[in-house]
Amino acid sequence: MNAFRHLLLLACAFLLPPLAPAPAYPAKPLRMIIPFPPGGPTDLMGRLAADRLSRSLGVQVTPDNRGGAGGNIGFELCAKSPADGYTVCMMTVAQSISPGIYRKLGYDLAKDFSFVTLMATLPSMLTTHPSFPARNVKEVIAIAKSRPGQIIYSSTGNGTSPHMLMEMFKYMAGVDMVHVPYKGQAQSVIDQISGQIQLAFNTAVTVLPHVKEKKLKPIAISTRERFPPMPDLQTVEEGGVKGYDGSSWQGVVMPAGTPREIVARVYQELATMLKAPDTREKFLTQGALASGMQPEEFTAFVKREAEKWSKVAKAAKVQVD
């Protein structure tokens with residue numbers, strides 16, 4: 001009886017239709033969440049990435065701008081999206097700063113994302129009004145120490161990269177300066193050129209034309225490496241603030257739980273783009289240095305960035321409700 005039952009089950013198995021193979025990835029269009037409005041550097045990088053992935057993956061990758069709250073609205077949307085490989089998201093330095101300055105966030109940076117790659121870093125330049133007597137970092141520090149609470153610096157808003165870069169400078173150099181936040185970079189730069197603002201960190205590409213026209217005086221570059229378009233300009237660290245290293249940056253992430261093979265595929269396509277000489281040259285004209293970190297490297301990088309900015313925020317008592 002048991003033998004008969006076994007034969008019957010075997011016969012039924014042969015009669016069942018074979019299981020359909022899983023569709024090859026990608027089987028449908030992808031969405032690229034860009035957590036900032038159109039027109040800025042994050043939008044530009046995101047659209048370059050979306051275009052590359054569209055061509056290499058063979059499906060449309062559609063940019064989806066979701067700006068607001070310093071990028072946190074779009075980034076929260078990314079965290080809550082399905083981890084099926086069909087959502088790709090841009091990330092910036094702002095999202096590594098946010099955990100240290102916001103009381104409540106709708107995402108957990110350590111748990112809610114699969115980190116794909118760092119696309120590029122955007123060095124910032126420390127500049128002064130031409131009338132400011134300092135010529136280098138050491139002289140800026142000396143003047144600031146001799147005039148505590150009298151030197152005015154600007155930023156693009158509380159908790160933004162220019163603000164945190166200067167707060168890190170104050171903390172590491174042991175100086176006290178007054179912060180004037182603006183709603184954007186354009187007006188901040190205009191007021192520095194007019195002499196209302198004495199010091200500021202801004203993305204190097206933004207202030208480079210004004211430096212060339214001698215409307216602003218360059219003091220140093222924020223990153224540990226020098227800026228290729230101005231190879232003679234020292235870094236803040238070379239100027240005497242040991243260990244100083246900071247910049248804006250752009251990266252790509254996917255929701256946590258996205259299959260590792262899909263993360264690896266997206267990384268490989270973007271890394272190929274970032275290694276291409278024409279891409280690196282295009283980025284450089286926009287003040288960005290192409291990267292292409294592997295997922296494990298980028299994961300560790302974001303962790304270090306979050307820890308660094310959390311310390312700066314605590315020391316500077318920066319808090320955004």
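The values are calculated or read from the model by the stated rules, or taken from the named source; none is laboratory data. This is a predicted model, so every value here is computed, not measured. Note that we place each Cβ from the backbone using ideal geometry, even for glycine, and neighbour counts take in every protein chain shown. Remember, those area values only see protein heavy atoms, side chains included, never the ligands or the DNA or RNA. Shrake-Rupley method; radii C 1.70, N 1.55, O 1.52, S 1.80 Å.
Summary table below
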| item | result |
| --- | --- |
| Scan of the range 215-245 for residues that are assigned to a loop (DSSP other than H, G, I, E, B), within 26 Å of Tyr182 (Cα to Cα), open to solvent by 20 Å² or more (accessible area, probe 1.4 Å) and in contact with a Pro (Cβ under 9 Å, 6 or more places away or on another chain), ordered by number | Lys215 |
| Count - residues of the range 262-311 that are more than 14 Å from Trp249 (Cβ to Cβ) and in a loop (DSSP other than H, G, I, E, B) | 2 |
| Residue that is touching a Ser or Thr at 6+ places or on another chain (Cβ under 7 Å) and either closer than 21 Å to Glu296 by Cβ or charged (D, E, K, R) (or both), where the choices are Val93, Val61, Val88 | Val93 |
| Scan of the range 282-319 for residues that are surrounded by 17 or more Cβ atoms within 10 Å (Cβ to Cβ), among the aliphatic types (A, V, I, L, M) and under 30 Å from Lys104 (Cα atoms), ordered by number | Met293, Val302, Ala306, Val312, Ala313, Ala316, Val318 |
| Whichever residue in the range 262-281 is free of Cβ contacts under 8 Å to residues at least 24 places away in the same chain and open to solvent by 30 Å² or more (accessible area, probe 1.4 Å) and, among such residues, is farthest from Thr121 (Cα to Cα) | Gln268 |
| Qualifying residue in the range 196-214 (condition: touching an Asp or Glu at 6+ places or on another chain (Cβ under 8 Å) and open to solvent by less than 60 Å² (accessible area, probe 1.4 Å)) | yes |
| Selection from the range 92-126 of residues that are of a type outside the set (Asp, Glu), part of a loop (DSSP other than H, G, I, E, B) and surrounded by fewer than 24 Cβ atoms within 10 Å (Cβ to Cβ) | Arg103, Lys104, Leu105, Gly106, Tyr107, Leu109, Ala110, Lys111 |
| Single residue of the range 275-296 satisfying the filter (among the aliphatic types (A, V, I, L, M) and under 21 Å from Gly246 (Cα atoms)) that is farthest from the chain's Cα centre (by Cα) | Leu284 |
| Residue pairs meeting the criteria (Cβ under 9 Å; at least 6 apart or on separate chains; first within 19 Å of Gly243 (Cβ to Cβ), in the range 297-321; second open to solvent by 50 Å² or more (accessible area, probe 1.4 Å) and of a type in the set (S, T, N, Q)) | Ala313/Gln319 |
